[in-house]
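Presented below is the structure to which this report refers.
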Amino acid sequence: MKKIYIYLTLLILPAIVGIIYFDIFNGKVKRTDFLYDSRGSIISSSPFPPSRHAVFGVDSSSNHMTYEVLSGYRLTLLILIIIALVSLTLAIIIGTYLAFSKRSGTFLQAVSNPFFYIPQSILAYIFLRPVLYEPFNGFENSADYRILVNIMILILLMIPTTVVLIKESTEIILGKEFIVSAYTFSPSKTHIYFKHVWPNMTTQYFITFLRLLFQTLIIISHLAFFKIFFGGTDVCYGPACEIIEKPVFPELSSLMGYHFNDLTIAWWTFYAPLMAIIYMMLLMQMMVRVLEKSKKIQK
């Protein structure tokens, strides 16, 4: 289990650094507009490729990508944790109730089955585009409202399949012989759950939580490629617009989708947030593998 703490520390550490720099010390994203020669003459303007002065380069808006990614990392991780935590909590409540009540779950199957076959990214696009993509006359709702709706839709997309998983896992535990024996000492379902089910489901809950983090990150990343940025897409409809679609909320997936068009002129602006997202995904998958191995050993 030491590996779990190492991976967890590596996952959270960049967010902590970002919080300390941007939120506690009110730091700003470093900017470099021009490069100068030894005589003080301008030799070039942004964007600049990666160098020892700017590890991940500088974008066309003169922002250092290291700072942009560090700022977006903490926002993305916070979003993922909120969505995964709420989804898991609701799924545990519903799934555990269905498992203890021994219901067939016909309605649940009818609701959840489409989510196993229709990609959640497509459903998210259908539901969120009318809310997040700025119309010609501008947004009718505030950024806070759009962020809230964004989070709620993603939670609703996560719940059905997670409920099925929790319900089936809980039913397996309830079918064990020691649970049958436990009912003879205390018929209370609450007692049975917290005394016997919860200790045996803790690892499964954590695995599910990590998978929800992973799945949510995939969905918001897919949406970003279609210019549906988290919290809203600021759209310029004028004929002289150099940049048509910009993110309102600069988290990692939105930065990646925003800089996708820069691949041919400033590739580093796309790869910097992409590397941060891959870094997150790898650590999540490593933790899941360690937990699944420990779960098999426990059996």
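The values are calculated or read from the model by the stated rules, or taken from the named source; none is laboratory data. Since the structure is predicted, the reported quantities are computational estimates derived from the model, not experimental observations. All Cβ positions, even for glycine, are placed from backbone atoms using ideal geometry, and neighbour counts span all protein chains on display. For accessibility, only protein heavy atoms count, side chains too; no ligands or nucleic acids. Shrake-Rupley method; radii C 1.70, N 1.55, O 1.52, S 1.80 Å.
Observations, loosely collected:
- Contact order normalised by residue count of region 162-247, Cα under 8 Å, 6+ apart, percent: 17
- For the chain, adding -39500 (n - 2.57) for each run of n ≥ 4 DSSP H residues and dividing by the number of residues yields -21500 deg cm²/dmol at 222 nm.
- In terms of its Cα atoms, region 18-147 spans 80, 38, 28 Å along the principal axes, sorted from long to short.
- Mean Cβ count within 10 Å, highest first, over the residues of peptides 146-157, 234-245: 146-157, 234-245
- Contact order normalised by residue count of the chain, Cα under 8 Å, 6+ apart, percent: 23
- Straight Cα distances below 13 angstrom link Lys30 to the aspartates and glutamates Asp59, Glu68, with same-chain residues fewer than 8 positions distant left out.
- Between Thr32 and Asn137, the contour length at 0.36 nm per residue exceeds the alpha carbon distance by 34.4 nm.
- Of all aspartates and glutamates in the structure, those lying under 19 Å Cα to Cα from Lys176, and not within fewer than 8 positions of it along the same chain, are Glu168.
- Axial C-alpha extent at least 30 Å, average Kyte-Doolittle at least 0.5 - helices from the chain (DSSP): 65-101, 143-174, 198-225, 268-298
- Whole-Å semi-axes of the ellipsoid equivalent to region 192-268 (Cα gyration tensor, √5λ, descending): 41, 13, 7
- Sparsely packed chymotrypsin sites (Phe, Trp or Tyr not before Pro) within region 124-212, loop by DSSP, other Cβ within 10 Å at most 13: Phe136
- Mean Cβ count within 10 Å, highest first, over the residues of peptides 213-220, 31-38: 213-220, 31-38
- Calculated accessible area for the chain comes out at 56 Å² per residue, all protein chains present (probe 1.4 Å; ligands, DNA, RNA ignored).
- 16 Å tail of the calculated P(r), region 138-223, as % of Cα pairs: 65
- Computed over the chain, the convex hull of the alpha-carbon atoms projects to a mean area of 20.3 nm².
- Normalising the average separation of contacting C-alpha pairs (under 8 angstrom, six or more residues apart) by the number of residues puts the relative contact order of region 109-172 at 56 percent.
- Ignoring lysines fewer than eight residues from Lys28 along the same chain, the ones with Cα atoms less than 20 angstrom from its Cα are Lys246.
- Applying a threshold of 27 Å to the alpha-carbon distances of Lys167/Lys195; Lys3/Lys102; Lys189/Lys293; Lys3/Lys189; Lys3/Lys167 flags Lys3/Lys102; Lys189/Lys293; Lys3/Lys189; Lys3/Lys167 as lying beyond it.
- Using only side-chain charges placed at the Cβ, +1 for Lys and Arg and -1 for Asp and Glu, the dipole size of region 171-299 relative to its Cα centre rounds to 860 debye.
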